[in-house]
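The values are calculated or read from the model by the stated rules, or taken from the named source; none is laboratory data. Computed from a predicted structure; not experimentally measured. Cβ: placed from backbone, ideal geometry, glycine included. Neighbour counts: every protein chain shown.
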Amino acid sequence: MQSTDKTTPEKSKNCASNRIKDVILQRICDGTYAPGQKLVELQIAKEFATSQAPIREALSQLEAMRVVETQPYKGTRVREVTSREMQECLEIRGVLEQLAAEKMGDRLLPRMDELRAKALETVAAAREQNAQKYGFANIEFHRIIVEASGNATLMIVWETIAPEIRMLSLAHSNLFNLEECAQEHMEIIEAFAENDNRYAGKLLKLHTETVLVGVESPGNPST
């Protein structure tokens, strides 16, 4: 009996590169790979017991996401971020999430418990002053809201800046009050619970501005 497995070498390579990309991205986002750290293809290939081809493809995808950068004769490094870049990303995120809230209708209702759970995770992490835990829960909190918009294009645009926001938040976590930001999550939930999506959208925009105040404070690098 002939095998029905139609997996091709090219498809297998793509699966490997995507898996490796996700692992590297996770390590960048949680601080395992620090800003400016060099990522050596050969070392990563040995770790994953693979050739350098899927590693190269994974790094290429990460470069397109602006989380790593490659320079001739210098190799690939985790991209170092600036407060100016964070300002730009946060401004875009605020607009996108306000729009998501205004357009979602009642699509968030089945996920309210999930949203509240993520908000409570940010509250707990903020009390512990654990920027890493806060960052993961925070991204998931906002992702749930954007997904509930039902707007696929909006989701795609938001996803393109989500890893960068996560990196920037970790790098600049000392610039904003985690407990204040976490409390604002609870206020956003209350607005959604009262079916006031427009007000929730306004709160999401103001929430972004809370973070921006810290980033834009005098003395913070802007380049």
(message) Based on this model, can you work out whether Leu96 counts as surrounded by fewer than 18 Cβ atoms within 10 Å (Cβ to Cβ), at negative phi, assigned to a helix (DSSP H, G or I) and modelled with pLDDT of 95 or more?
(response) no
(message) Just to verify a result, which residue in region 14-45, among those that are hydrophobic (A, V, I, L, M, F, W, C) and not in a helix (DSSP H, G or I), is modelled with the lowest pLDDT?
(response) Ala34
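Could you tell me which of the residues Glu63, Glu85, Glu69 is assigned to a helix (DSSP H, G or I), charged (D, E, K, R) and modelled with pLDDT of 85 or more? Before the answer, list the steps.
Values: Glu85 fails: modelled with pLDDT of 85 or more; Glu69 fails: assigned to a helix (DSSP H, G or I).
The conditions single out Glu63.
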(message) Could you tell me how many of the residues in region 127-164 are among the β-branched types (Val, Ile, Thr) and not in a helix (DSSP H, G or I)?
(response) 0
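From the list Ile139, Ile161, which one is outside the structural domain of Ala34 (by TED's automatic domain parsing), surrounded by 15 or more Cβ atoms within 10 Å (Cβ to Cβ) and either touching a strand residue (DSSP E or B) at 6+ places or on another chain (Cβ under 7 Å) or touching a residue at least 60 places away in the same chain (Cβ under 8 Å) (or both)?
Working: Ile139 fails: either touching a strand residue (DSSP E or B) at 6+ places or on another chain (Cβ under 7 Å) or touching a residue at least 60 places away in the same chain (Cβ under 8 Å) (or both).
The match here is Ile161.
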(request) Please go through region 99-113 and pick out each residue that is more than 19 Å from Cys181 (Cβ to Cβ) and part of a helix (DSSP H, G or I). (result) Leu99, Glu102, Lys103, Leu109, Pro110, Arg111, Met112, Asp113
(request) Please work out if Arg116 is assigned by TED's automatic domain parsing to the domain that holds Asn197, closer than 30 Å to Lys202 by Cβ, in contact (Cβ under 8 Å) with a residue 60 or more places away in the chain and not polar (S, T, N, Q). (result) yes
(request) Only residues that are of a type outside the set (Phe, Trp, Tyr), more than 25 Å from Cys89 (Cα to Cα) and in a helix (DSSP H, G or I): list them for region 46-60, please. (result) Lys46, Glu47, Gln52, Ala53, Pro54, Ile55, Arg56, Glu57
(message) For region 60-76, give me each residue that is touching a residue at least 24 places away in the same chain (Cβ under 8 Å) and in contact with a helix residue (DSSP H, G or I) (Cβ under 7 Å, 6 or more places away or on another chain).
(response) Gln61, Leu62, Met65, Arg66, Val67, Val68, Thr76
